[in-house]
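The values are calculated or read from the model by the stated rules, or taken from the named source; none is laboratory data. Treat the numbers as computed from the prediction; the structure is a model and nothing was measured. Positions of Cβ are backbone-derived with ideal geometry, glycine not excepted, and every protein chain shown enters the neighbour counts. Surface areas here come from the heavy atoms of the whole protein model, side chains and all, with no ligands, DNA or RNA. Shrake-Rupley method; radii C 1.70, N 1.55, O 1.52, S 1.80 Å.
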Amino acid sequence: MAGNVTESLVSNGHDSFFDHYGLMLDKIQKRFCDMAGVYACCLNSEGERITEFSGLTAETEFIKQYVTEERIKGIYDRVTESELEDQAVESTDVPNLKLAGIAVKENQKTAIVWIVCGIITDIEYDTELYPYPPVKDFRYRVTEKQFYRALDFIRDFTQILVKIEDSRNEAALNVEKSMLEQEEIRKSVLRAETTTEIVSLLDSDDSIEEIMAEILEKVATFLGISHAFVSRVHVEDTIMDIVVQWRISGERIIFDKTIDIDRCWFLNSSKTLAVSSDSNMSAGEKEQLDMLGMKAVVAMPIQINGSIGFYAAFSENRHQHIWSIDDIKFINDAVRILQNIIVKRIQRNSIASSFASLEAILDNVGSSIYVRDTKTGALLFANRSLRNNFSKELSDGSLELLFESSIPSRSKSGNYEVYHDLRDRWYELFYTRISWVDGRPVSLCAVYDITEKKMYQKRIEQQAYTDFLTGLYNRMCCERDLERYVSEARKYDSKGVICYLDLDDFKKINDTLGHQYGDILLQDISRAISNVDGIANSCYRMGGDEFVIIVPTESFDEYDRILEDVKHIFAKPWYLKDSDYYCTMSMGSVVFPDDGENVSDLIKKADIAMYEAKRSGKNRIAKYSDNIDASSIRRLDMEKSMRDAALENCKEFVVYFQPIIDVLSGDNSMKGAEALVRWNSSKLGFISPGEF
């Protein structure tokens, strides 16, 4: 798996970003230049030109005379190589022509760089200091204030695009990683279930041929291969007999003749032999595999009383196949069980011998196994793994209570998870009812440690509910927890409070000191509010500079004290960039269930109350009431809808041109047009400019 998603994205020149937004950049740039009245082009993280300057050709060619490639390279190096400076503005040889560079960065690595030029209409200058006269009649002209606002807009807008693409790629990688790990867990559980099913055949009364066929089917089905067979070898010569063959539905059998046939070359070794599709073979060996239709094969000897009496072979005949180490280990375990079943059948008259074989098998499987008499409850057998891992439970008699207390009385087989409090570990128990070697009914239990699987699931859940920057819980977790707190308040006839908190003028900190110090401030504030007694585990970052604090029912009596503690936090300055800065907050509060029980409504009401606090002058707390002016709700909805509309390529905003008529000319001729922006909201309808 890739490491940090953002680092990968940036180090590769933001290939994924440009794949996703590359076709849009030119369109975005042209609309931006038209709306802002500037000239701009775009560079990638390597300083290579992605787009050319937008604007009339004659005007852009004029600008290129004074904003040369050397000047662009210089300002590019300035904004990309500095750790703190991501935006710079420089003068040119033309008095009212300004050059700006804006580096949009993620984790201190450059994603994209904007080069913006502006013809400034209200700048003061000394013509004697400049070799060239000012520009006066260009199509695009702006005031100095408008120029800096345009720089802020394109920087913030592009930063949003980079973060969205970063989040999209991180989510895709997490999903891919999760799917791979879930597949490994699924295969591990399926392998355990199949092994348990094979072990249960140890005491089957079926014929040995039927048992062989069943084991071959279970192993081949788990591995997803097409064929398997067991052969009996003749010690005195090089021929063999086919005892059992298995094939997947729709495939032909390998051997039409089953008695006195030439032994295959891969059935001559005293050890396991694995031949994959890419293995090196002689011409003769390859020819025989082709005749048998095999693409890959694994052969294992089955020893009876010290000599090889049988071979078990598993093959894939449909397509190329590479055997993994886990495949070989699983086949080996299954064949060893089959070997002991054969030995048991040969020594059926000796219970002691059968038990010794069974003990040898179970002592070498990869799980903790024990057997209990279902009638008396007596423990009949515990393998080496169980004795090593659960010696205390065996000695104090708590094994049955720990693992078997949840087995349904009439259930013959099944599985479930068990948590061990003292060890803080999770186990999965597989149980089945079988007959023991002496004929009595027993319960065979296999125990697998799945703590790592549970810890992985917990990490995934934590990532889903935690804010990456501050470490606080996020909006998703807030909504989940609020549902629980409201339910508890309703159940026990108690109360709680939800407080919606927004930082006052946080943008000034970002604009003055830079986004990195804004992030530091958010982290400091998060630590401070999460340290307040009574709300340590109920603080959430909703996004940006907005936080939610839930005062649970058990802390409701201390609400006034909690409120004072929070207010005290914002009464002191924050030390940022070698100086003290004040940052106040506005807060809205809602009492549940008095003011509602629906999670979405409660959060919205708290948000409305917070907005009322801001409208009343900021740095204050407002409680929600039904008397809040409906205009507050309207304005809040409008603000949120406007943010959403801006993120969607500004497609809801349209430009109307109002003609400018020269009434003094006598012919009322049109001398120009005034461009007016109008907003046709998909949620709120057509909105007056005076309102939005």
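Tally the residues that are surrounded by fewer than 19 Cβ atoms within 10 Å (Cβ to Cβ) and either more than 31 Å from the chain's Cα centre (by Cα) or at negative phi (or both), restricting the search to region 511-529.
Filtering region 511-529 down to residues surrounded by fewer than 19 Cβ atoms within 10 Å (Cβ to Cβ) leaves 511-517, 519-520, 523-524, 527-528.
Cutting the leftovers down to either more than 31 Å from the chain's Cα centre (by Cα) or at negative phi (or both) gives us 511-513, 515-517, 519-520, 523-524, 527-528.
Number satisfying all stated conditions: 12.
Take Ile628 and tell me if it is modelled with pLDDT under 90, open to solvent by less than 50 Å² (accessible area, probe 1.4 Å) and under 30 Å from Val551 (Cα atoms). Lay out the reasoning, then the answer.
Numbers: modelled with pLDDT under 90: yes; open to solvent by less than 50 Å² (accessible area, probe 1.4 Å): yes; under 30 Å from Val551 (Cα atoms): yes.
For Ile628, the condition - modelled with pLDDT under 90, open to solvent by less than 50 Å² (accessible area, probe 1.4 Å) and under 30 Å from Val551 (Cα atoms) - is met.
Mind checking which pairs have a first residue in region 652-667 that is surrounded by 10 or more Cβ atoms within 10 Å (Cβ to Cβ) and a second that is of a type in the set (Val, Ile, Thr), Cβ under 7 Å, 6 or more apart or different chains?
Phe653/Val677; Val655/Val677
Is it true that Asp601 is acidic (Asp, Glu), under 21 Å from Glu639 (Cα atoms), open to solvent by 50 Å² or more (accessible area, probe 1.4 Å) and out of contact with any Leu (no Cβ under 7 Å at 6 or more places or on another chain)? It would help to see each step written out before you state the result.
Working: acidic (Asp, Glu): yes; under 21 Å from Glu639 (Cα atoms): yes; open to solvent by 50 Å² or more (accessible area, probe 1.4 Å): yes; out of contact with any Leu (no Cβ under 7 Å at 6 or more places or on another chain): yes.
Answer is yes for this residue.
Tell me which residues, restricted to region 192-215, are surrounded by fewer than 19 Cβ atoms within 10 Å (Cβ to Cβ) and of a type in the set (A, V, I, L, M). Before the answer, list the steps.
Going through region 192-215, the residues surrounded by fewer than 19 Cβ atoms within 10 Å (Cβ to Cβ) turn out to be 193, 197, 200-201, 203-210, 214.
Leu201, Ile208, listed by residue number.
Report whether or not Glu90 is open to solvent by 10 Å² or more (accessible area, probe 1.4 Å), outside any loop (DSSP other than H, G, I, E, B) and in contact with a Leu (Cβ under 7 Å, 6 or more places away or on another chain).
Values: open to solvent by 10 Å² or more (accessible area, probe 1.4 Å): yes; outside any loop (DSSP other than H, G, I, E, B): yes; in contact with a Leu (Cβ under 7 Å, 6 or more places away or on another chain): yes.
The answer is yes for Glu90.
Condition first: over 19 Å from Ala536 (Cα atoms) and of a type in the set (Asp, Glu). Now tell me which residues in region 452-470 satisfy that.
Scanning region 452-470 gives Glu452, Glu461.
Can you tell me which condition Arg232 does not meet? The list is (1) over 30 Å from Ile369 (Cβ atoms); (2) in contact with a Lys or Arg (Cβ under 9 Å, 6 or more places away or on another chain), and all the others hold.
Exception for Arg232: condition (2).
Taking strands (runs of 3 or more DSSP E) that fall entirely within region 386-499, which contain at least 3 residues that are open to solvent by less than 40 Å² (accessible area, probe 1.4 Å) and in contact (Cβ under 8 Å) with a residue 40 or more places away in the chain?
It comes to 425-435, 441-449.
Among the residues of region 139-153, are any open to solvent by 80 Å² or more (accessible area, probe 1.4 Å), more than 28 Å from Glu46 (Cα to Cα) and not in a helix (DSSP H, G or I)? Spell out how you get there, then give the answer.
Quick first cut of region 139-153, residues open to solvent by 80 Å² or more (accessible area, probe 1.4 Å) only: 139, 141, 145-146, 148-149, 153.
Applying the additional criterion that residues be more than 28 Å from Glu46 (Cα to Cα) yields 139, 141, 145-146.
If we keep only those that are not in a helix (DSSP H, G or I) as well, we get 139, 141.
Yes, there is a match, as at least one residue in region 139-153 is open to solvent by 80 Å² or more (accessible area, probe 1.4 Å), more than 28 Å from Glu46 (Cα to Cα) and not in a helix (DSSP H, G or I).
I'd like the full set of residues that are part of a strand (DSSP E or B), farther than 25 Å from Gln320 by Cα and not charged (D, E, K, R), limited to region 223-241. Outline the logic, then answer.
We begin by selecting, within region 223-241, every residue part of a strand (DSSP E or B); these are 227-233, 239-241.
Add one more test, that the residue is farther than 25 Å from Gln320 by Cα, and what stays is 232-233, 239-241.
Across region 223-241, the qualifying residues are Val233, Ile239, Met240.
Right, Phe255: assigned to a helix (DSSP H, G or I) and either surrounded by 15 or more Cβ atoms within 10 Å (Cβ to Cβ) or touching a Leu at 6+ places or on another chain (Cβ under 7 Å) (or both) or not?
Spelling it out, it is not the case that Phe255 is assigned to a helix (DSSP H, G or I) and either surrounded by 15 or more Cβ atoms within 10 Å (Cβ to Cβ) or touching a Leu at 6+ places or on another chain (Cβ under 7 Å) (or both).
Among the residues of region 236-246, is any open to solvent by 50 Å² or more (accessible area, probe 1.4 Å) and closer than 22 Å to Lys329 by Cα?
At the first step, the residues of region 236-246 found to be open to solvent by 50 Å² or more (accessible area, probe 1.4 Å) are 236-238, 245.
Remaining after also requiring closer than 22 Å to Lys329 by Cα: 245.
Taking every residue of region 236-246 in turn, at least one turns out to be open to solvent by 50 Å² or more (accessible area, probe 1.4 Å) and closer than 22 Å to Lys329 by Cα.
For region 198-222, which positions are part of a helix (DSSP H, G or I) and free of Cβ contacts under 8 Å to residues at least 60 places away in the same chain?
Glu209, Glu210, Ala213, Glu214, Glu217, Thr221, listed by residue number.
Please work out which residue is least open to solvent (accessible area, probe 1.4 Å), limiting yourself to region 552-598 and to residues that are within 20 Å of Leu521 (Cα to Cα) and of a type in the set (Asp, Glu). Talk me through it step by step, then tell me what you get.
Step one: of region 552-598, the residues within 20 Å of Leu521 (Cα to Cα) are 565-587.
Checking the rest, the ones that are also of a type in the set (Asp, Glu) come to 565, 578, 580.
Numbers: Asp565: 55, Asp578: 129, Asp580: 93 Å².
Checked region 552-598; the qualifying residue least open to solvent (accessible area, probe 1.4 Å) is Asp565.
Sort through Ile211, Ile239, Ile198 and tell me the only one that's at pLDDT 85 or above and in contact with a strand residue (DSSP E or B) (Cβ under 8 Å, 6 or more places away or on another chain).
Of the residues listed, the single one that is at pLDDT 85 or above and in contact with a strand residue (DSSP E or B) (Cβ under 8 Å, 6 or more places away or on another chain) is Ile239.
Go through Tyr140, Tyr125, Tyr132 for me and flag whichever is in contact with a Cys (Cβ under 8 Å, 6 or more places away or on another chain) and farther than 24 Å from Ile509 by Cα.
The match here is Tyr140.
Considering only region 377-404, how many residues are closer than 21 Å to Arg433 by Cα, among the hydrophobic types (A, V, I, L, M, F, W, C) and under 39 Å from the mean Cα position of the chain (by Cα)?
Count: 5.
If a residue has to be charged (D, E, K, R) and closer than 19 Å to Glu83 by Cβ to count, how many in region 510-536 make the cut? Give the steps one after another, and end with the answer.
Just the residues of region 510-536 that are charged (D, E, K, R), to begin with: 511, 519, 524, 527, 533.
Restricting the remaining residues to those that are closer than 19 Å to Glu83 by Cβ gives 511, 519.
The qualifying residues number 2.
Could you go through region 57-70 and let me know if any residue there is of a type in the set (Ser, Thr, Tyr), buried (at least 20 other Cβ atoms within 10 Å of the Cβ), in contact (Cβ under 8 Å) with a residue 40 or more places away in the chain and farther than 18 Å from Gln159 by Cα.
Within region 57-70, none of the residues are of a type in the set (Ser, Thr, Tyr), buried (at least 20 other Cβ atoms within 10 Å of the Cβ), in contact (Cβ under 8 Å) with a residue 40 or more places away in the chain and farther than 18 Å from Gln159 by Cα.
Ala609 versus (1) within 14 Å of Leu503 (Cβ to Cβ); (2) touching a residue at least 60 places away in the same chain (Cβ under 8 Å); (3) crowded, with 19+ Cβ neighbours inside 10 Å: which is the lone unmet condition?
Result: Ala609 fails condition (1) only.
Inspect region 160-172 for any residue being in contact with a Ser or Thr (Cβ under 6 Å, 6 or more places away or on another chain), at pLDDT 90 or above and either within 16 Å of Phe32 (Cβ to Cβ) or surrounded by fewer than 22 Cβ atoms within 10 Å (Cβ to Cβ) (or both) and give the result as yes or no.
no
Which of the residues belonging to region 243-274 are in contact with a helix residue (DSSP H, G or I) (Cβ under 6 Å, 6 or more places away or on another chain) and β-branched (Val, Ile, Thr)?
If the condition is that a residue be in contact with a helix residue (DSSP H, G or I) (Cβ under 6 Å, 6 or more places away or on another chain) and β-branched (Val, Ile, Thr), then Val244, Ile254 are the ones that fit.
State all residues of region 567-606 that are touching a residue at least 60 places away in the same chain (Cβ under 8 Å) and β-branched (Val, Ile, Thr); if no residue qualifies, say none.
Passing the criteria: Thr584, Val590, Val591, Val599, Ile603.
Confirm whether Gly617 is touching a residue at least 24 places away in the same chain (Cβ under 8 Å) and not polar (S, T, N, Q). Don't jump to the end; show me each part of the working.
On the way: touching a residue at least 24 places away in the same chain (Cβ under 8 Å): no; not polar (S, T, N, Q): yes.
Criteria not met by Gly617.
If we scan region 532-555, do we find a residue that is acidic (Asp, Glu), over 15 Å from Ile498 (Cα atoms) and over 28 Å from the mean Cα position of the chain (by Cα)? Don't jump to the end; show me each part of the working.
Of the residues in region 532-555, the ones acidic (Asp, Glu) are 533, 545-546, 554.
Then drop every residue that is not over 15 Å from Ile498 (Cα atoms), which leaves 533, 545.
This time we only want the ones that are over 28 Å from the mean Cα position of the chain (by Cα), so: 533.
Looking for residues that are acidic (Asp, Glu), over 15 Å from Ile498 (Cα atoms) and over 28 Å from the mean Cα position of the chain (by Cα), one finds at least one in region 532-555, hence yes.
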